[in-house]
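Visitor: Okay, handing you the structure first.
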Amino acid sequence: MPLTSDSDIARVLDETTTIALLGASHKPQRPSHRVMRFLLAQGYRVYPVNPGLAGQELLGCRVFAVLEDVPVQVDMVDVFRQPRYLPEIVSAAVEAGIGVLWTQLGVVHSGAIAAAETAGMAVVADRCPAIELPRLEGLG
């Protein structure tokens, strides 16, 4: 079952330093662009992933084609892709040894979430870190 308690979500956000952001966009009006900017401003190291932008720079970060191309071990994968892609994303994340799967608002695939949890990943589903961080800070 995905993590839902404030303390669990706060712990995930506190322990995370590196994030692979799947579905990163170069368009400032897109949620993935705004969230990436927010995460960078919060001090996270973000590795954007988008095959259409691979090799380019986005907000000062090199963009990678696929999760497997990210050259460092990341703590969390933040998914801005359609739910139908989650099973393959989870497989790649498990293979890469990533400990946390975070799916954005509306990105829910129960089979993929169950597979991630079975593989030992912590899962935060159907939430946005750019909403959760300020909300949790407001709670103290």
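The values are calculated or read from the model by the stated rules, or taken from the named source; none is laboratory data. For clarity, every value in this text was computed on a predicted model and none was experimentally measured. As a convention, Cβ positions derive from the backbone with ideal geometry for all residues, glycine included, and neighbour counts pool all protein chains shown. These accessible areas exclude ligands, DNA and RNA; they are computed on the full protein's heavy atoms, side chains included. Shrake-Rupley method; radii C 1.70, N 1.55, O 1.52, S 1.80 Å.
Visitor: Considering only DSSP beta bridges with both partners in the chain, what is the antiparallel share in %, to the nearest 5?
Guide: 10
Visitor: Related question: Where only protein heavy atoms count, and the probe is 1.4 Å, what is the accessible area per residue for the chain in Å²?
Guide: Accessible area per residue, the chain: 49 Å².
Visitor: Quickly estimate the mean residue ellipticity at 222 nm for the chain, helices only: each DSSP H run with n ≥ 4 gives -39500 (n - 2.57), and the total goes over all residues, rounded to 500.
Guide: Per the formula, -11000 deg cm²/dmol.
Visitor: Rounded to a whole number of µm²/s, how large is the Stokes-Einstein D of the chain at 25 °C and 0.890 mPa s, given Rh as the Kirkwood radius over C-alpha pairs?
Guide: Diffusion coefficient, whole number: 166 µm²/s.
Visitor: Additional query: Please report the carbon-and-sulfur percent of the accessible area for the chain; probe 1.4 Å, protein heavy atoms only, DNA, RNA and ligands left out.
Guide: Answer for the chain is 52 percent, counting heavy atoms of protein chains only.
Visitor: A follow-up question, please. Write out the chymotrypsin sites (Phe, Trp or Tyr not before Pro) in the range 31-119 meeting two conditions: DSSP loop, and at most 13 other Cβ atoms within 10 Å of their Cβ.
Guide: Sparse-neighbourhood loop chymotrypsin sites (Phe, Trp or Tyr not before Pro): none present.
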